[in-house]
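Working notes for the structure below.
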Amino acid sequence: MSISDADDLHATEHVPSGSRPPAALPSKDTLSAAGDILRALAAPVRIAIVLQLRDAERCVHELVEALGVTQPLISQHLRVLKSAGVVRGERNGREVFYRLVDDHLAHIVIDAVAHAEEGPRP
């Protein structure tokens with residue numbers, strides 16, 4: 001490689017000395033699915049539902065009692081969480097018991113709540 005070739009290479013790199021190359025990104029489909037999950041978790045009531053479901057499954061009336069909101073509102077939020085793949089419901093007689101699809105989702109919410117509790121950073 002000649003000196004002029006090396007100069008051309010450095011002129012087009014735009015990478016500051018000592019910096020790391022960009023991290024590999026997941027596929028667009030994976031990024032889109034992650035965005036859907038984060039949007040589904042973006043409402044305070046839905047965050048509270050996930051926190052209630054992190055340790056045990058719950059039925060709608062238990063969530064109504066724990067969160068102090070109406071049954072139709074809980075049902076609406078559960079539909080959003082279910083369509084995003086955050087929760088799943090299983091019928092047992094007249095009750096439907098909801099649970100988180102996996103523990104990753106609880107960790108996302110717990111970390112977000114912990115970060116918010118830390119308060120603003122300078």
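Some points to look at:
- Couplings 3J(HN,Hα) of region 101-118, computed from phi: 5, 7, 6, 4, 5, 5, 5, 4, 5, 4, 5, 5, 5, 4, 5, 5, 5, 5 Hz, in residue order, whole Hz [Karplus 6.51 cos²θ - 1.76 cosθ + 1.60, θ = phi - 60°; x for Gly and Pro].
- Per residue convex hull volume, Cα atoms of region 28-70, in Å³: 81
- Compactness of region 21-102, expressed as Rg and Dmax over alpha-carbon positions, Å: 14.7, 55
- FRET efficiency estimate (nearest 0.05) - Cβ-Cβ, Thr30 to His61, R0 35 angstrom: 0.45
Here, each number is a calculation from the coordinates, and none is a lab measurement. Note that the structure is predicted; figures quoted are calculated from it, not measured. Reconstructed Cβ throughout: ideal geometry from the backbone, glycine too, with neighbour counts over all protein chains shown.
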